[in-house]
Amino acid sequence: MRPVVCGREVRLPMYLAIALGAGSRIVRCALADHPPGRQHAGYAAEWPASPDQAVWVIWSELDLDLRWEPLRDCPPRPGAGEECCVLYEGHPPPCSWAMFDPQHAVDSFLASLPPTT
Ligand SMILES: [Zn+2]
Ligand SMILES: [Zn+2]
C-alpha cells in the first residue's frame, strides 16, 4: 500500500489568490497523510522571482494561521525514474510520486464520463 495524500483543503483569501495569480482559491495539502497536529502544506502558485521555487501555504488545524513561504522544488532523486516530486525541498517523506492520491482517481473517472448534452 502506498501512503495516501493528506488532501486537507484550505481556502485562500480572494485578494491573495489574485495577487499570486493562483489558479484556484482552494489549496490541498500535498503531504502524505499525517497526524492532525502536524502542519499541512499546499502548493499555491509559482514564485515569479524564480522558476525553481513556488509559494506554499503552511497551516495546521490547531491554529488556523496561514503561513506563506517561497520554497525550493524537491530535487530529483535516484529511483524516481521519469516522475518528479511536486513537493518542496525538505518536505516530510515520502515524495509525491510514491503516494496515492484519491483525487486523481476521481479526476480520471470524471474525465471518462460521457459528455452531457
Ligand atoms: Zn496535511
Ligand atoms: Zn520530494
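Computed from the coordinates by the stated procedures, all read-outs in this text should not be read as laboratory data. Keep in mind it's a predicted model, so treat the numbers as computed, not measured. Here the Cβ positions follow ideal geometry from the backbone for every residue, glycine too, while neighbour counts run over all protein chains shown.
Report the FRET efficiency, 1/(1 + (r/R0)^6), for E46 and T117, where r is their Cβ-Cβ distance and R0 is 35 Å, rounded to 0.05. Mind showing how you got there, number by number?
Working: r = 37 Å, r/R0 = 1.06.
For R0 = 35 Å, the calculated efficiency reads 0.40.
Evaluate 2.2 N^0.38 Å with N set to the residue count of region 1-69, then give the Cα radius of gyration divided by it.
Details: Rg = 12.4 Å, N = 69, 2.2 N^0.38 = 11.0 Å.
For region 1-69, the normalised Cα radius of gyration is 1.13.
Where the convex hull is taken over the Cα atoms of the chain, what is its projected area averaged over directions, in nm²? Walk me through the intermediate numbers first.
Details: hull surface 38.1 nm².
Average of the hull's projected areas for the chain equals 9.5 nm².
In percent, what relative contact order does the chain have, based on Cα pairs under 8 Å that are 6 or more apart in sequence? Before the final figure, lay out each step's value.
On the way: 191 pairs, mean separation 24.5, N = 117.
Averaging sequence separation for qualifying contacts and normalising by length gives 21 percent for the chain.
For H104, H40, what's the fewest-to-most ordering of other Cβ within 10 Å of each Cβ? Present the calculation step by step, with values, prior to reporting the outcome.
Details: H104 11, H40 23.
Listed from fewest to most nearby Cβ atoms, that is H104, H40.
Can you tell me the FRET efficiency between R67 and M1 if r is taken as the Cβ-Cβ distance and R0 is 30 Å, rounded to the nearest 0.05?
On the way: r = 31 Å, r/R0 = 1.04.
Efficiency, rounded to the nearest 0.05: 0.45.
Where in region 1-74 are there GluC sites (Glu not before Pro) that are in a DSSP coil and have at most 10 other Cβ atoms within 10 angstrom of their Cβ?
On the way: sites: E9, E46, E61; in loops: E61.
Listed in order of number, the matching sites amount to none.
Check the cysteines of the chain one by one and keep only those with no other cysteine Cβ under 4.7 Å from their own.
Those would be C84, since no other cysteine Cβ in the chain comes under 4.7 Å of theirs.
Counting only helical runs of four or more DSSP H residues, what would the 222 nm mean residue ellipticity of the chain come to if each run contributes -39,500 (n - 2.57) and the total is spread over all its residues? It would help to have the intermediate numbers written out before the result.
Numbers: 2 runs with 18 residues, N = 117.
That calculation yields -4500 deg cm²/dmol at 222 nm.
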